[in-house]
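Participant: Pasting in a structure now, in structure tokens, and then I'll have a few things to ask.
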Amino acid sequence: MAIIVQKFGGTSVANPEKIKAVADRVMGHHRQGNKMVVVLSAMAGETNRFVDLAGQMQKIPDPREMDVLLSSGEQVSIALFAMAVKAAGLDCVSLLGDQVRITTDNMHTKARIKSVDSDRISKYLDAGKIVVVAGFQGITEDDDITTLGRGGSDTTAVALAAALQADQCEIFTDVEGVYTTDPNICQSARKIDRISYDEMLELASLGAKVLDIRSVSLAKRHKVPLHVRSTFTDTEGTWVVEEDKTMESMLVSGVTYNKNEARITISKVPDTPGIASRLFTPISDAGIVVDMIIQNTRAGDLTDMTFTVPKTDYDRAMELIEKIADEIGAERVSGDKHIAKVSIVGVGMRNHSGIATTMFHILAKENINISMISTSEIKVSCVIDQKYTELAVRALHDAFNLEKENQPDKE
Ligand code: ADP
Ligand code: ASP
Ligand code: MG
């Protein structure tokens, strides 16, 4: 008897009909003799609605209460799913994160899983029940509800698959797999059949939200192969696995974008030793992850510091930075929430020069201004005005020939 973990995202459970269709699919596997563990997201749009409601109560919502609110969406979907299964005459049990005992740290709204107790689920599976678990949530050692960060249901699924030593972990979503770029904004995007954990990590970290980055690192650590596929078709999707020789070795394997970051600039900062540490320590102490950082030199003893943070942490980061800027005598703090980071990713870039220049050239041809740049050996990222995101993604996808099966190989 195989243990199969299947995760269905928000659009897959968007309404009662879709929940019933998902239940049918799962029951089919159950009838074939598999032990089924299902992880569900909140119905599409619900988590965003909660974020909006919270914002109407408090400018910076209290993180503990935010998690009580955010976690409620998944509670609704698992209850409805269990009812759908029971209506069809099979046995099913729904479990919240704390009922499973998915223990996390206490970083509310972006908690990390510390441990998963698989006993209760195993007992129910042995008793012939389908088990449906609320994604995206856990519980601290002090019994406070936590959530794992947006998109966190993927991580719940992988954590359960690892804890149960499942035979399969499938991530069902609204596209047929992992593509060379978001198929919803670029028609020529091509589905990738197999991709390594490392390349997927890079794509996910740069905005390919089809998989939550933490789910990929957890899958890599526990050697859980992931199958990303569509809820609405039976087509084979993308396998995320350990790197092997059969994989395409592309110069550029994907184009990503991230509209969820915001820029903060502190102008005319006294350029003295320790200033970066003074600025960024309170930010990291607050659990805010800084992404790109650029320091410009000005004439004299002054410097400008620009960095990006997740948009959801922007107000908190601004509050902290304005306070420090005042203390250290910086002239001005400014910010911009309407930015996007567009990136090209590919392990093949390692041995190739000129890729970044090509990217700059393509953006220039489209008249898109670049405000920040960062590079590593396998990616180049540019921050641009958010309104040009789609244009930039399509132009880059086209220019690097990603729609074609056989892109010229690196030497
Ligand atoms: P779910 O609700 O099922 O978790 P998500 O919205 O989190 O689904 O992720 C699926 C979406 O990811 C797709 O609808 C697509 O727009 C987006 N996406 C972004 N980049 C990619 C990519 N490289 N490949 C596939 N989908 C992508
Ligand atoms: N419902 C959560 C979100 O919208 C978690 C998830 O869907 O994975 O981010
Ligand atoms: Mg998702």
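Participant: Within the group Val131, Val93, which residue is at negative phi, touching a Phe, Trp or Tyr at 6+ places or on another chain (Cβ under 9 Å), buried (at least 21 other Cβ atoms within 10 Å of the Cβ) and not in a helix (DSSP H, G or I)?
Facilitator: Values: Val93 fails: buried (at least 21 other Cβ atoms within 10 Å of the Cβ).
Only one candidate qualifies: Val131.
Participant: Take the residues of region 339-373 that are under 20 Å from the mean Cα position of the chain (by Cα) and not β-branched (Val, Ile, Thr): which is surrounded by the fewest Cβ atoms within 10 Å (Cβ to Cβ)?
Facilitator: Selected residue: Ala340.
Participant: Here's something else I'd like to know. Name every residue in region 32-49 that is more than 16 Å from ligand 3 (Cβ to nearest atom) and under 21 Å from the mean Cα position of the chain (by Cα), in order of residue number.
Facilitator: To start, the set of residues in region 32-49 that are more than 16 Å from ligand 3 (Cβ to nearest atom) comprises 32-37, 49.
Result: Arg49, single match.
Participant: Return yes or no: is Val255 under 26 Å from Ala162 (Cβ atoms) and surrounded by 21 or more Cβ atoms within 10 Å (Cβ to Cβ)? Show your work before the answer.
Facilitator: Values: under 26 Å from Ala162 (Cβ atoms): no; surrounded by 21 or more Cβ atoms within 10 Å (Cβ to Cβ): yes.
When the stated conditions are applied, Val255 does not pass them.
Quick grid of which residues meet (1) without any contact (Cβ under 8 Å) to a residue 24 or more places away in the chain; (2) surrounded by fewer than 23 Cβ atoms within 10 Å (Cβ to Cβ); (3) away from ligand 3 (no atom under 15 Å from the Cβ):
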position	(1), (2), (3)
Asp154	no, no, no
Leu160	no, no, yes
Cys186	no, yes, yes
Met200	no, no, no
Val216	no, no, no
Thr233	no, yes, yes
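Participant: Another question, if that's okay. Going by the conditions given, is Val100 away from ligand 3 (no atom under 16 Å from the Cβ), under 15 Å from Ser153 (Cα atoms) and crowded, with 24+ Cβ neighbours inside 10 Å?
Facilitator: Details: away from ligand 3 (no atom under 16 Å from the Cβ): yes; under 15 Å from Ser153 (Cα atoms): yes; crowded, with 24+ Cβ neighbours inside 10 Å: yes.
Yes: the conditions hold for Val100.
Participant: Restricting to region 134-148, count the residues that are crowded, with 18+ Cβ neighbours inside 10 Å and not hydrophobic (A, V, I, L, M, F, W, C). I'd like the intermediate steps shown before the answer.
Facilitator: From region 134-148, those crowded, with 18+ Cβ neighbours inside 10 Å are 134-140, 145-148; that's our starting set.
Then drop every residue that is not not hydrophobic (A, V, I, L, M, F, W, C), which leaves 135, 137-138, 140, 146-147.
Number satisfying all stated conditions: 6.
Participant: Could you grab me the full set of residues in region 38-64 that are of a type in the set (A, V, I, L, M), within 16 Å of ligand 2 (Cβ to nearest atom) and not in a loop (DSSP other than H, G, I, E, B)? Steps first, answer last, please.
Facilitator: Within region 38-64, the subset of a type in the set (A, V, I, L, M) is 38-40, 42-44, 51, 53-54, 57, 60.
Right, trim to within 16 Å of ligand 2 (Cβ to nearest atom) and you get 38-40, 42-44, 51, 53-54.
The answer is Val38, Val39, Leu40, Val51, Leu53, Ala54.
Participant: Next question. Restricting to strands (runs of 3 or more DSSP E) lying wholly in region 156-270: which have 1 or more residues that are within 16 Å of ligand 2 (Cβ to nearest atom)? Steps first, answer last, please.
Facilitator: Values: elements: 168-173, 194-196, 226-230, 238-241, 254-258, 261-270.
In region 156-270, 168-173, 226-230, 254-258 are the strands (runs of 3 or more DSSP E) which contain 1 or more residues that are within 16 Å of ligand 2 (Cβ to nearest atom).
Participant: Next question, about the same structure. Across region 134-163, which residue is nearest to Ala82 (Cα to Cα) among those that are within 16 Å of ligand 1 (Cβ to nearest atom) and of a type in the set (Val, Ile, Thr)?
Facilitator: Thr156
Participant: What are the pairs with Cβ atoms under 7 angstrom where one residue, in region 251-267, is among the acidic types (Asp, Glu) and the other, located anywhere, is part of a strand (DSSP E or B)? Sequence gap at least six, or different chains.
Facilitator: Close Cβ pairs (under 7 Å, with a partner that is part of a strand (DSSP E or B)) amount to Glu261/Thr308; Glu261/Val309; Glu261/Pro310; Glu261/Ile339; Glu261/Lys341.
Participant: Sticking with this structure for a sec: Where the second residue is assigned to a strand (DSSP E or B) and within 16 Å of ligand 2 (Cβ to nearest atom) and the first is over 18 Å from Lys259 (Cβ atoms) and among the aliphatic types (A, V, I, L, M) and lies in region 173-184, which pairs have Cβ atoms under 6 Å and are six or more apart or on separate chains?
Facilitator: Matching pairs, first to second residue: Val178/Val228.
Participant: So which of Val39, Val68 is within 16 Å of ligand 1 (Cβ to nearest atom) and of a type in the set (Val, Ile, Thr)?
Facilitator: Values: Val68 fails: within 16 Å of ligand 1 (Cβ to nearest atom).
Every option except Val39 fails the conditions.
Participant: Restricting attention to region 315-334, which residues are under 22 Å from Gln386 (Cβ atoms) and surrounded by fewer than 20 Cβ atoms within 10 Å (Cβ to Cβ)? I'd like the intermediate steps shown before the answer.
Facilitator: Kept after step one, since they are under 22 Å from Gln386 (Cβ atoms), are these residues of region 315-334: 315-318, 321, 333-334.
Across region 315-334, the qualifying residues are Asp315, Arg316, Met318, Val333, Ser334.
Bear in mind that the values in this text are calculations on the coordinates, not laboratory data. These figures come from a predicted structure and were not determined experimentally. A quick note on method: Cβ atoms are made from the backbone with ideal geometry, for glycine too, and the neighbour counts reach across all protein chains shown.
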